[in-house]
Amino acid sequence: MIKYIIRRALQAIPVLLGISLVTYFILLIAPGGPTGRFAQNPNITAAQIEAFKRRWGLDQPIPIQYCRWLGVCGDKPFLINALPGGTFELAGLKIDLPGGDNGILHGDFGYSITDGRPVVDVIAERLPPTLILSGTAWVIWIIIAFLAGMYAAVRCYSLFDSALTIFNYVGFSLPTFWLGIVLIQLFSAPPLKWFPVGGMWTTRTVPPFGTERYWDFFWAQPFTALYDLGTHLVLPVVTLVVVNIAFDSRFVRASMLDALGQDFVKTARAKGVPERRVVFKHALRNAMLPVVTNIGLEIPFLFTGAVVTETIFSWPGMGREFINAVGHFDYPVLMGILLITSVFVVFANLLADVVYVIVDPRVKFD
Amino acid sequence: MSRLEAAQERRAEAGVPGSGPPQASDVLLEVRNLRTYFHVMDGTVRAVDGVDFKINRGGTLGLVGESGCGKSVTAHAIMRLIETPPGEIAEGEIWFDGRDLLTLSDEEMREIRGGDIAMIFQEPMTSLNPVFTVGDQISEAVRLHQKVSAREARDRAIESLRLVGLSAPERRVRQYPHELSGGMRQRVLIAMALSCSPKLLIADEPTTALDVTIQAQILELINDVQAQTGTALLLITHDLAVVAETVQTLAVMYAGRIVETGSVEEVLLNPRMPYTQGLLNSIPGEKKRGKALSAIEGVVPSPFRMPPGCKFQPRCPHQWERCTMEPDLLEVGRSERRARCWLQAPGEIERRRTYDLAAAATVRDVIG
Ligand SMILES: Nc1ncnc2c1ncn2[C@@H]1O[C@H](COP(=O)(O)OP(=O)(O)OP(=O)(O)O)[C@@H](O)[C@H]1O
Ligand SMILES: [Mg+2]
């Protein structure tokens, strides 16, 4: 299994390289460009734009720019630069490594054009809120999708099944932004005002999430902090769950129905297996197989976040940062987020494949 | 209250004769007037429409008939595995070992399934659960019906795999179904069915999905274990050659009814019903070498447009006016020999003679 994972990980390298190339050039041909944010500003002179371009290396030929972004070109000679750089300490000995230290190969995703911070820092700051929101929603919708999908399959064509179908149909068709706004209107606006309109913490009462002050506050008053976070989570989580539950519950229902119709289920019943065990052991184990793959492929969502939901509820996560970056023509941040997303997609695929082999004895690592 | 319960109550009130367990103690299974319907979009399919038969302890019965005549539905009804809805056991009694299975609770029935009555199915390739080992699946059956430890159950599994002639059973129990061939899987299914020493084994076309050489082996195996263990056998097939070698009694089914019963030799050598003769006609025989096989004319009537009277009448070469009335299962000659055909009615000697000549010719052709 280890060998299989290593091989698949190695195979992922050219894939990721290809993805980096494609994202880079798609962004290149997109209108605007890194200087797009100055287009509407009459106070900026052509000379200033030239200076901006020189400072960010945008005056270089495109292949050089890509090469530097990757980290293959840099201060050190071409290709050598791609090797690990910096100094390395071993038993008191300081060894100078030959490679450079720029580019994504060295974990350097560049700097945000908007505020000059390293892209890595921006992502590190935005990732936890996204994990919290998407993760909560994901766990909830998977659990509900499982229970509802299974029940609908066991009692197929029952009232419950029809109700679920309608709910799924509606949920699937509702635009996220519309549902989010309606929920805010209903529950955050007067007269109910049950939940905050947006954001992740109550300004003035709770320090900004992720800062040192926040954690001090958190450990001092954990329940207040959690409660505050919880109230901010409810509406965006509900939005995500309603919109996303349809696909998974249909999927679970379909695989369960398929499994229940198989001959081995008849065999199990014929040997006197109680109905409960027929469903939860014999059918479920088989229905799990396609579902596991599907769930695995949803994992990247946990990191990339829900763009629309985060934007509507002003959730300071990856999705909203992405929209911000687009709005500000912040190319390094855009590239960073896109590339990290692809890494997660590739990784999730690998994970799904590995889990599949573990749960299905018919599939072998090879 | 379901239709079946209503029928049961009505019968009890009227004290209809024939109700109650079979008198003879050597009868293991007696099915009486079994009716199983499916309510589908286009109407009601009367898949089984008044079936009666008996199997003695240790006895063997073959149930034959064209595809769709209700053989599997009969077997599923005995196991109470009819999916409801759309299916429904509308009427009948299934006396097994002194109890009417149709009156048992779900839990009592569950204990009988796999315990006293075991069943093997047509599709060995898909009838085993792909994600559990062969050993786990047999042990599960054992542990459902007997209070034994996991280790004992595993030993029983190995033992029953050995009984069905699988080599290296200690290794087989750890294998998954996909690692076995179709014939081996059918052996595993037979082993599973026999693991709790059932009183009745129902085999629903156990060889249909297998290739010819394996078919013979599996049949021989079923024959052997049946003789060894004394299990009664209900063998369902559409292959007359299969039953000829395996069972003592034969019941021929057509359109949800039994149309002819008797000992295998009697039915095959002296068919009393044109349908049985037609079935015989369609088997390849010595004398027919080089000649085209004659299939029965026409098609099975649609379940929604059943002809009046005898259901075989539209396809029957001997059909006349009387056939528009439903014939009973008439006794012919000795007891336990019956045919649902007006040709066997007392006054029809003339017609019977022409039919008998045709039937005799068919039998000669097949036997050679
Ligand atoms: N679940 C169901 N829903 C509707 N109709 C059904 C169902 N199961 C069986 N039937 C009908 O019952 C009739 C008898 O089917 P059955 O499976 O018993 O045939 P069979 O004699 O076993 O045929 P074969 O040799 O093909 O196995 C068929 O006409 C079929 O259409
Ligand atoms: Mg069948």
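The values are calculated or read from the model by the stated rules, or taken from the named source; none is laboratory data. In this text, all values refer to a predicted model and were calculated from it rather than measured experimentally. Cβ: placed from backbone, ideal geometry, glycine included. Neighbour counts: every protein chain shown.
Is at least one residue of region A:337-360 in contact (Cβ under 8 Å) with a residue 60 or more places away in the chain, within 14 Å of another protein chain (Cβ to nearest Cβ), part of a loop (DSSP other than H, G, I, E, B) and in contact with a helix residue (DSSP H, G or I) (Cβ under 6 Å, 6 or more places away or on another chain)? Yes, region A:337-360 contains a residue that is in contact (Cβ under 8 Å) with a residue 60 or more places away in the chain, within 14 Å of another protein chain (Cβ to nearest Cβ), part of a loop (DSSP other than H, G, I, E, B) and in contact with a helix residue (DSSP H, G or I) (Cβ under 6 Å, 6 or more places away or on another chain). For the condition more than 8 Å from chain A (Cβ to nearest Cβ) and either over 17 Å from the mean Cα position of the chain (by Cα) or touching a residue at least 12 places away in the same chain (Cβ under 8 Å) (or both), B:E123 does not qualify.
Tell me which residues, restricted to region B:160-169, are exposed (fewer than 15 other Cβ atoms within 10 Å of the Cβ) and either in contact with a Cys (Cβ under 7 Å, 6 or more places away or on another chain) or not hydrophobic (A, V, I, L, M, F, W, C) (or both). Scanning region B:160-169 gives a single hit, B:S167.
Can you go through B:T208, B:T213 and tell me which one is within 16 Å of ligand 1 (Cβ to nearest atom) and either in contact (Cβ under 8 Å) with a residue 24 or more places away in the chain or among the β-branched types (V, I, T) (or both)? Spell out how you get there, then give the answer.
Values: B:T213 fails: within 16 Å of ligand 1 (Cβ to nearest atom).
Result of the check over B:T208, B:T213: B:T208.
Criterion first (more than 30 Å from A:L351 (Cβ to Cβ), within 25 Å of the chain's Cα centre (by Cα) and at pLDDT below 80) does A:L28 satisfy it? Reasoning before the result, please.
Numbers: more than 30 Å from A:L351 (Cβ to Cβ): yes; within 25 Å of the chain's Cα centre (by Cα): yes; at pLDDT below 80: yes.
It is true that A:L28 is more than 30 Å from A:L351 (Cβ to Cβ), within 25 Å of the chain's Cα centre (by Cα) and at pLDDT below 80.
If I ask for residues that are part of a helix (DSSP H, G or I), touching a Lys or Arg at 6+ places or on another chain (Cβ under 7 Å) and crowded, with 24+ Cβ neighbours inside 10 Å, which ones from region B:170-217 would you list? Full working, then the answer.
Restricting attention to region B:170-217, the residues satisfying the condition of being part of a helix (DSSP H, G or I) are B:170-172, B:177-179, B:182-194, B:212-217.
This time we only want the ones that are touching a Lys or Arg at 6+ places or on another chain (Cβ under 7 Å), so: B:177-178, B:192.
The answer is B:P177, B:M192.
Using the structure shown, decide if B:T362 is of a type in the set (V, I, T), over 30 Å from B:R32 (Cα atoms), in contact (Cβ under 8 Å) with a residue 24 or more places away in the chain and surrounded by 16 or more Cβ atoms within 10 Å (Cβ to Cβ). Yes: the conditions hold for B:T362.
Candidates in region B:197-211 are the residues that are within 16 Å of B:A227 (Cα to Cα) and touching a helix residue (DSSP H, G or I) at 6+ places or on another chain (Cβ under 8 Å); of these, the one that is modelled with the lowest pLDDT is B:S197.
Okay, residues lined up against (1) polar (S, T, N, Q); (2) within 13 Å of ligand 1 (Cβ to nearest atom); (3) within 14 Å of chain A (Cβ to nearest Cβ):
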{"position": "B:P21", "(1), (2), (3)": "no, no, no"}
{"position": "B:L28", "(1), (2), (3)": "no, no, no"}
{"position": "B:Y37", "(1), (2), (3)": "no, yes, no"}
{"position": "B:G59", "(1), (2), (3)": "no, no, no"}
{"position": "B:S67", "(1), (2), (3)": "yes, yes, no"}
{"position": "B:H76", "(1), (2), (3)": "no, yes, yes"}
{"position": "B:D100", "(1), (2), (3)": "no, no, no"}
{"position": "B:R110", "(1), (2), (3)": "no, no, yes"}
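Residues considered: B:A193, B:A241, B:A232. Of these, the only one that is among the small types (G, A, S) and closer than 30 Å to B:A361 by Cβ is B:A241.
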